[in-house]
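Some notes on the structure that comes next.
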Amino acid sequence: MHQPDNSPEIYLQIPPQMWQQFCQAMSQARTHNEETIGFFFCQRHQVSKRQIRYLPRAWVVPTPDCYERQSASGLVLKQEFHLYLLNAYLRSPGLHVVHIHTHAHPTPALFSDVDDRYESEYARFLSSHFPKKPRLISGVFDASFQQSQWRLWDRKGLSYAPVNFSHTWFQSAATREAIASPELMFARQKIFGTAFQKQLGQLSVALIGCGGIGSIFAELLGRLGVKNWVLIDPDRLETVNLNRLLAATPNMVEQQWYKVEYVKYLLKRIYPTGSSVTAVPAALSSSTVPGEIAACDLIVVATDNHYSRQIAQELAVKYMRPLICLGTHIDVKADGQPRMYCRVTVPPLGGGWCLMCGNIINLQRAALESASSDLQQIAGSAGYLEAIDDPAVFWLNSICASTAVGIVHGLVSGFLQLDSGIDRIYDFPASTWHQTAPEYLATPDCYFCSSRSSQRASNAPDCFGNKEQESPPQWFWEAQESDRLA
């Protein structure tokens, strides 16, 4: 066996809640000290020429009744159960197999010669018996699920490539080499643990919109420890921006700095070396932008228009990336009293609702904003588009940005989960926070959610209760639909 040279980076990324449920089921499948086996069925996602991700649609863990033999030295599944499993998940959906087994003893997680022979034959069997030629990813764990090894087999079962494994929402945080940072800089953050600080240093963020909110967000998250950024905004600095852009100067306006250059300047003040900041002075609809976003762990949209939020939502779904949307609104009532709001929204990766469900995207406005200048002028004269920019103040933008940074802090550290999503609204002058109950945001006919939900339902196997087919064998086993895939 050998590893092929010059192969792309391969990632297996399992959502944290799904991984927790899978590990619990694997532990329950062990009655004494036996080896156990489990399966993920994944969709392949080509991020770029150099990067491939496998994202799970379902998992299955056989119980002891499903084995012909299960002991500390090996295991064999009952043929009837195994064939049902493969037919249910590979015939129609066209998924790929992740095969995981554990060692019974606290020994290093290493593949054995027996594993090599069995998996080589298994890889050939999968490619020759199923029309879409699924690939095999295999993983081996120690008894405590602390150490592991992973590999992807070719279809001939002759070679394999290494696989980067992650059970967080943030792919790079688990795989990228850490960039060295002065320990003293983060001395007062040690309460959150060294692993948390390392993950922040490895996290990559795509920031869409580098104006009043986005620039503050970048400054705050950068000082928390995030060094890897892709900045996207086609606009240049203007004098009207100076009341809410930290450290921006009239000279920058005179020199016609792009906003992405300005935010890059902020980040490079924090990290003169050891950071990676890519400035893209282009519209989100530019053909070069999706590739830059695809490689990032987190998408943050801090723009003031519906069209950019629509594209950001679509990219988040396509690349299965967490999305944070930031926005503020200011108006004045008839009695002269101001009303100010900021909103921080994180749609769930597992589906259920999105930015349009929360009235953060208006498709009519998005269509007009993407129209030609002549059509926009006609729409503006008819009252469909506002004639002036929305009002904004630095302190309200700061509340919005700092709240979003707190959410990122919680997601990286594990204090917050994305299973139901997050939607928080700050209301002034009451100075109160409102938290939307996520179940009220779901919209059955949503442009983004409903079509994908129905597609998933039509393709899902019988264990989800969505598609009629031959009943499974009468053994108990666990299966869980994954988070939304493109």
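The values are calculated or read from the model by the stated rules, or taken from the named source; none is laboratory data. This structure is a prediction, so every number in the text was calculated from the model and none was measured. Backbone-built Cβ (ideal geometry, glycine too); neighbour counts: all protein chains shown.
Looking across segment 232-251, the residues that are closer than 28 Å to residue 306 by Cα and either β-branched (Val, Ile, Thr) or in a helix (DSSP H, G or I) (or both) come down to 232, 239, 240, 241.
Consider segment 288-342 and keep the residues that are among the aromatic types (Phe, Trp, Tyr) and more than 16 Å from the chain's Cα centre (by Cα). The one that is farthest from residue 259 (Cα to Cα) is 341. Taking the stated definitions as given, is residue 230 within 26 Å of the chain's Cα centre (by Cα), in the same structural domain as residue 292 (by TED's automatic domain parsing), without any contact (Cβ under 8 Å) to a residue 60 or more places away in the chain and surrounded by 15 or more Cβ atoms within 10 Å (Cβ to Cβ)? Against the criterion (within 26 Å of the chain's Cα centre (by Cα), in the same structural domain as residue 292 (by TED's automatic domain parsing), without any contact (Cβ under 8 Å) to a residue 60 or more places away in the chain and surrounded by 15 or more Cβ atoms within 10 Å (Cβ to Cβ)), residue 230 does not qualify. Any idea which of 27, 7 is assigned to a loop (DSSP other than H, G, I, E, B) and either modelled with pLDDT under 85 or touching a Pro at 6+ places or on another chain (Cβ under 7 Å) (or both)? Being assigned to a loop (DSSP other than H, G, I, E, B) and either modelled with pLDDT under 85 or touching a Pro at 6+ places or on another chain (Cβ under 7 Å) (or both) holds for just one of 27, 7, which is 7.
The residue list 47, 97 contains one member that is surrounded by 15 or more Cβ atoms within 10 Å (Cβ to Cβ), under 30 Å from residue 295 (Cα atoms) and touching a residue at least 60 places away in the same chain (Cβ under 8 Å), which is 47. Tallying residues that are at pLDDT 90 or above and of a type outside the set (Val, Ile, Thr) within segment 129-147 yields 6. Remark: pairs (first residue in segment 192-217, at positive phi; second residue assigned to a strand (DSSP E or B); Cβ separation under 7 Å; 6+ apart in sequence or on different chains) = 209/301.
Within segment 267-293, which residues are in a loop (DSSP other than H, G, I, E, B) and crowded, with 18+ Cβ neighbours inside 10 Å? Answer for segment 267-293, where residues must be in a loop (DSSP other than H, G, I, E, B) and crowded, with 18+ Cβ neighbours inside 10 Å: 271, 275, 284.
If you go through segment 142-162 and pick out every residue that is touching a strand residue (DSSP E or B) at 6+ places or on another chain (Cβ under 6 Å) and closer than 22 Å to residue 85 by Cα, you end up with 4.
Given the criteria part of a helix (DSSP H, G or I) and modelled with pLDDT under 95, does residue 380 qualify? Yes: the conditions hold for residue 380. Scanning for something in a loop (DSSP other than H, G, I, E, B), surrounded by fewer than 19 Cβ atoms within 10 Å (Cβ to Cβ), touching an Asp or Glu at 6+ places or on another chain (Cβ under 7 Å) and acidic (Asp, Glu), does segment 390-400 turn up at least one residue? For segment 390-400, residues in a loop (DSSP other than H, G, I, E, B), surrounded by fewer than 19 Cβ atoms within 10 Å (Cβ to Cβ), touching an Asp or Glu at 6+ places or on another chain (Cβ under 7 Å) and acidic (Asp, Glu): present.
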